[in-house]
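Remarks on the structure that follows.
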Amino acid sequence: MDTPGFTSSILHSDRRSGIEHGSIHKPVHTAVTFTYDDARDLADVFQGKKAGYSYGRQVNPTVNALQDKISLMEGGVATAAFATGMAAIGTTLFTLLRQGDHMVSSAFLFGNTNSLFNSFTTHGIEVTFVDATDVAEVDKAIQPNTRLVFVETIANPRTQVTDLARIGELCEQRGLIYFVDNTLTTPYLFQPRSAKASLVINSLTKYIGGHANALGGSVTETGLYDWGNYPNLYDNYKKGDTSKWAITQIKKKGLRDFGASLGPEAAHHISVGSDTLALRLERACSNAMQLSEYLNGHPKVKKVYYPGLPDHPEHNLAAELFRHYGAIFSIELDDSIDCFDFLNRLDLVVSTSNLGDTRTLGIPVAHSIYYEMGPERRASMGIVDSLVRFSVGIEETEDLLEDFKQALAG
Ligand SMILES: *Cc1c(COP(=O)(O)O)cnc(C)c1O
């Protein structure tokens, strides 16, 4: 058989590693601890001489199966799963950076990631925020103590698209770690490995789990970065293949020390949800495209931000990089409409945070998820008070179009 497609390969990933009792899903192993007939085996597992399970904060068979599935989706060599997407970002960066290090980050960030990076600066890690839609801006910000570049594929809520491949080239030339948050595109729309990413973050809470019933996060090692000369690694984890040193330290030290581990029940929900990732995204991206086309030019809508629209500043870049243009768009309403009244009139659209659900969700971002950062930072990110972000779901297109139509008419 030729290389199987995205869905064919992930559907059978549990089975491939030989699962218990021939069960089709990896069973949910709730045990926190694992024992061995010979106590010497326990010692060997702890010392890394033998493969096996020790304590649930670091390893669990159900979580491991999900990790393997994500590695498969991302084309990576290994994945570490965490309790949330934020835990994945925080633990990984704390594990790889030290006082005196510098990182370059996209200025267009998920709000909580922005908050985390601001705390880094109070712990002696310098961060420079740049417009990552342009590789030249990233280049200018690099310093002698720069260790990594952090970007998101499509930024929310304004849907800026990062100059992913050119930044990848730059990082390779300069020996920098290239960290890509792939949450808004997921490995179905884009594999950051193809743009030379070193480490890939996914919030599993969003599209990969897909049903808003479990929190989770992951970091995947693509195998492209040679950690052989990277300074912030401990000798204990510098064993074997140099492309795996960092993910080993993240799993063995980061996960152990911070303890934000993914639970087996959540891992199971996420794994089952991920089986239909491609199907859900096909429908959601198509809905997002049709809705943004309808809203673009509507007299009561000032502006639509969606990379699929030809007048989006990074439309061509998105067309080159991604399978589809994603399922997030934002609109600025005309001054004659109050954003809260508008959301209240929408019947199928749920007013809530979160994104990547099967349902269409809407949120007035300046008043909610971007409230705490204050008006100045909001202005720098182009977030005005009337901006409403939508995470488009898998409802029938006609129903969504009808709903937006009546809510704008009201
Ligand atoms: C939601 C999100 C996160 C954080 O994920 P949680 O699972 O909510 O912690 C990180 N990055 C992006 C782009 C997100 O949308």
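In table form, for the structure just shown:
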| quantity | calculated |
| --- | --- |
| Carbon/sulfur fraction of accessible area - the range 128-195, other protein chains in place, 1.4 Å, % | 41 percent |
| Value of [θ]222 nm, deg cm²/dmol, for the chain, DSSP H segments ≥ 4, -39500 (n - 2.57) each, nearest 500 | -10500 deg cm²/dmol |
| Long-range tail of P(r) for the range 167-298 (Cα pairs > 19 Å, %) | 61 percent |
| Per principal axis, descending, Cα span of the range 354-401 in whole Å | 39, 18, 14 |
| Antiparallel content of DSSP bridges confined to the chain, in %, to 5 | 55 percent |
| Distant-in-sequence amide H partners of residue 301 (H built 1.01 Å from N, under 5 Å) | 334 |
| Those lysines that a straight Cα-Cα span of less than 26 Å connects to residue 50, excepting residues fewer than 8 apart in one chain | 26, 69, 238, 239, 244, 251, 252, 253 |
| GNM flexibility winner over the chain from 396, 282, 74 (Cα, springs under 10 Å) | 396 |
| GNM top mover of 373, 73, 86 - the chain, alpha-carbon springs below 10 Å | 373 |
| Residue-normalised accessible area of the chain, expressed per residue, 1.4 Å probe, Å² | 42 Å² |
| Sequence-distant lysines (8 or more away, or on other chains) whose Cα lies within less than 27 Å of residue 302 | 405 |
| 101, 275, 399, 347, reordered so the largest accessible area comes first (probe 1.4 Å) | 347, 399, 275, 101 |
| For the chain, built as a Gaussian network whose Cα springs stay under 10 Å, the top-fluctuating residue of 161, 45, 388 | 45 |
| Rg and Dmax of the chain, Cα atoms only, in Å | 21.6, 74 |
| Cα centroid separation, the range 345-410 to the range 169-183 (Å) | 31 Å |
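The values are calculated or read from the model by the stated rules, or taken from the named source; none is laboratory data. Note that the coordinates shown come from a computational prediction; the quantities given were computed from them, not determined experimentally. Remember, those area values only see protein heavy atoms, side chains included, never the ligands or the DNA or RNA. Shrake-Rupley method; radii C 1.70, N 1.55, O 1.52, S 1.80 Å.
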